[in-house]
Amino acid sequence: MHSQTPTCGSIPPVPARAGIGGKPAHYAELLAARPPLAFVEVHPENYMGEGGPPHAYLEVIAEIYPLSFHGVGMSLGSSGPLDRGHLARWRKLIDRYEPALISEHIAWSRVGEVCLHDLLPLPYTDATLKLVCRHVEEMQLVLGRRILVENPSSYITPKDSAIPEADFMVEVATRTGCGLLLDINNVFVSATNNGFDPRAWLARISGHLVQEIHLAGHATIRSGELELRIDDHGSPVCDDVWDLYRETIARIGPRPTLIEWDTDVPELPVLLGEAARADAAAALSESPHAAVA
């Protein structure tokens, strides 16, 4: 059983509508237009310096929109200890900006002092479950906040995996008190690459644990009859993922939803169009709208 989970206290909840990733190329236009977004999400690793233009822009953005901090470097699945220096930099940013949402990936990217700059899949075993839960609890304790953990995309299934991924995610949340960041594009990519049913995967997720959803585009590589989906965040959300999104929010209700677009980043109106599509899907959902802390 987990100890009392840190919460966000008096920080207002994020509306169950769409947000976009904050990109420096869009900052001036975003601040001038101030479109009606639910939130703006950034990678905290890009703001761990002391000052300069990144913080000058983010400080103004934070006055207009709730922030979501989405980490990519904690390596919750590494066998060694968490990087205490990285945790301290996280905590400093949280104290400075008080983001409404905080998240990381159930993946590994670090071996000792070597950072691989990728989000690599884990074997879902009892030993891995205990390791990830220990790291999630440590991260929450140091940050003084509840975090969300995201399902990664995968291209192979580790042979030692014994626990279905969705069950693993639910168990981590149950044991640690963290929430889930449900990346529906990652579910679709992993399902296509590894030959499982994405709808069956999603049906195993308890809706009350889901505090945020990610949507993104992906690339498809074909060689003869072989096909591989690559989670590159470089294109519009595909129709199959939109279908899964609509089905999911019809079941669990709308959630704060991020449009991820990290490569071949388009003009701001294209991102806003994807966000508007997510908002339209939520509006058509039969489930009641809700704000999520």
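In plain terms, the chain from VAL142 to GLU267 could stretch by 41.3 nm, reckoned as 0.36 nm per residue minus the Cα-Cα distance. The Rg/Rh ratio for segment 18-284 is 0.94, where Rg is the radius of gyration of the alpha carbons and Rh is the Kirkwood radius. Tell me, how many Å apart are the Cα centres for segment 51-66 and for segment 230-280? Rounded to whole Å, the Cα centres lie 24 Å apart.
Sorting the segments 60-67, 99-106, 79-86, 165-172 by their residues' average number of neighbouring beta-carbon atoms within 10 angstrom, most packed first, yields 99-106, 165-172, 60-67, 79-86. In plain terms, the chain from ASN46 to LEU226 could stretch by 61.1 nm, reckoned as 0.36 nm per residue minus the Cα-Cα distance. In segment 8-85, the alpha-carbon atoms span a convex hull of 132 Å³ per residue. Net charge in the neighbourhood of ARG199 (other residues with Cβ under 13 Å of its Cβ; Lys, Arg +1, Asp, Glu -1) is -1.
Taking every C-alpha pair closer than 8 Å and separated by at least 6 residues, the mean separation divided by the residue count of the chain gives a relative contact order of 21 percent.
Between GLU59, GLU247, GLU212, the GNM of the chain built on Cα springs shorter than 10 angstrom shows GLU59 fluctuating the most. Dimensions of segment 38-176 from C-alpha coordinates, computed as largest minus smallest value along each principal axis and given longest first, are 47, 32, 28 Å.
Amide H contacts under 5 Å for VAL14: VAL292, restricted to partners 5 or more places along the chain or on a different chain, H placed in the peptide plane at 1.01 Å from N. Spin-label pair GLU171-SER206: with each label point 7 Å from Cα along the Cα-Cβ axis, the two points sit 1.4 nm from one another. Here segment 156-259 carries DSSP beta bridges of which approximately 40% are antiparallel, counting only pairs with both residues inside.
Since every read-out is calculated from the coordinates, none of them should be taken as a lab result. This is a predicted model, so every value here is computed, not measured. Neighbour counts run over all protein chains shown; Cβ positions are idealised from the backbone, glycine included.
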